[in-house]
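Here the structure is laid out as structure tokens; the discussion comes afterwards.
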Amino acid sequence: SAMTSKRSSRRFAATAALWLSAAAGCQLPEVSKWKLPEPPVPDVAPIRKERREDAVREFDERRNAAQFLAAQTSWRQGDQPRCREALEKVLDRDPNQRGALLLSADLALETEHPQKAVDSLRRALSLDPRDAEVAYRLGLALETAGETAEAVPYLRQAAQTDPNNQEY
């Protein structure tokens with residue numbers, strides 16, 4: 001244990017000092033009066049816990065980024081099932097990942113599930129109500145879902161929030 005290791009270290013240090021003194025022909029000091037200082041040993045458990053949590057967080061961020069890139073690649077290649085699978089993994093871990101919510105909405109519209117697109121875009125807009133792109137896309141998804149009257153305020157919001165955008 002740690003206590004045994006401290007004693008062993010002290011014994012070794014004392015023995016080494018005696019041998020070195022004897023080898024040099026010096027008079028040996030009275031070792032029994034030596035008091036070695038206690039080394040400060042901080043509790044490293046909290047530091048290790050914090051490092052472990054940081055490593056897990058960094059791993060999750062990198063994994064989410066990699067799976068989001070895989071979803072985008074699958075989307076560009078027209079592989080909707082793989083795109084959906086990768087998006088589900090990302091959104092299971094981080095339901096507020098903006099890019100994954102937007103791609104999920106695109107996928108839902110492409111596969112003729114406009115209500116799923118509306119749900120994804122509503123969630124994305126709840127994260128940042130001033131996001132003009134999301135408001136615009138939500139308006140388009142609502143139009144596709146046949147809810148034109150509900151779409152108009154979102155389309156108007158997008159145009160007012162980002163008046164220089166030619167698309168809105």
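Is segment 50-66 home to any residue that is part of a helix (DSSP H, G or I), over 23 Å from A145 (Cβ atoms), at pLDDT 95 or above and touching a Phe, Trp or Tyr at 6+ places or on another chain (Cβ under 9 Å)?
no
Restricting to segment 111-124, count the residues that are under 18 Å from F68 (Cβ atoms) and at pLDDT below 95.
Qualifying residue count for the region: 0.
What is the residue count in segment 64-88 for residues that are without any contact (Cβ under 8 Å) to a residue 24 or more places away in the chain and either more than 12 Å from L103 (Cβ to Cβ) or exposed (fewer than 10 other Cβ atoms within 10 Å of the Cβ) (or both)? Spell out how you get there, then give the answer.
First, pick out the residues of segment 64-88 that are without any contact (Cβ under 8 Å) to a residue 24 or more places away in the chain: 65-67, 69-70, 73-74, 76-79, 81-82, 84-88.
Retained after the next criterion (residues that are either more than 12 Å from L103 (Cβ to Cβ) or exposed (fewer than 10 other Cβ atoms within 10 Å of the Cβ) (or both)): 65-66, 76-79, 81-82, 85.
Residues flagged as without any contact (Cβ under 8 Å) to a residue 24 or more places away in the chain and either more than 12 Å from L103 (Cβ to Cβ) or exposed (fewer than 10 other Cβ atoms within 10 Å of the Cβ) (or both) within segment 64-88 amount to 9.
Conditions first: (1) at pLDDT 80 or above; (2) open to solvent by 60 Å² or more (accessible area, probe 1.4 Å); (3) not in a helix (DSSP H, G or I). P46 passes all but one, so which condition is the exception?
Here P46 clears every test but (3).
Mind checking whether some residue in segment 87-102 is over 22 Å from F59 (Cα atoms), part of a helix (DSSP H, G or I) and in contact with a helix residue (DSSP H, G or I) (Cβ under 7 Å, 6 or more places away or on another chain)?
Restricting attention to segment 87-102, the residues satisfying the condition of being over 22 Å from F59 (Cα atoms) are 102.
Of the ones still in play, those that are also part of a helix (DSSP H, G or I) are 102.
If we keep only those that are in contact with a helix residue (DSSP H, G or I) (Cβ under 7 Å, 6 or more places away or on another chain) as well, we get 102.
Yes, the conditions are met somewhere in segment 87-102.
Of all residues in segment 102-119, which are under 21 Å from the mean Cα position of the chain (by Cα) and free of Cβ contacts under 8 Å to residues at least 24 places away in the same chain?
First, pick out the residues of segment 102-119 that are under 21 Å from the mean Cα position of the chain (by Cα): 102-104.
The one that is under 21 Å from the mean Cα position of the chain (by Cα) and free of Cβ contacts under 8 Å to residues at least 24 places away in the same chain: S104.
Just checking, which of V118, V152 is part of a helix (DSSP H, G or I) and either within 18 Å of A105 (Cα to Cα) or not aliphatic (A, V, I, L, M) (or both)? So that I can check it myself, show each step before the final result.
Details: V152 fails: either within 18 Å of A105 (Cα to Cα) or not aliphatic (A, V, I, L, M) (or both).
Selected residue: V118, the only one of V118, V152 that is part of a helix (DSSP H, G or I) and either within 18 Å of A105 (Cα to Cα) or not aliphatic (A, V, I, L, M) (or both).
Taking the conditions exactly as written (under 30 Å from R63 (Cβ atoms), among the polar types (S, T, N, Q) and free of Cβ contacts under 8 Å to residues at least 12 places away in the same chain), does S126 satisfy them or not? Lay out the reasoning, then the answer.
Values: under 30 Å from R63 (Cβ atoms): yes; among the polar types (S, T, N, Q): yes; free of Cβ contacts under 8 Å to residues at least 12 places away in the same chain: yes.
The answer is yes for S126.
The values are calculated or read from the model by the stated rules, or taken from the named source; none is laboratory data. The structure presented is a predicted model; accordingly, all values stated were derived computationally and were not measured. No Cβ is skipped: glycine too gets one built from the backbone with ideal geometry, and neighbour counts run over all protein chains shown. To get the accessible areas, we keep the full protein, side chains included, count just its heavy atoms, and leave off ligands, DNA and RNA. Shrake-Rupley method; radii C 1.70, N 1.55, O 1.52, S 1.80 Å.
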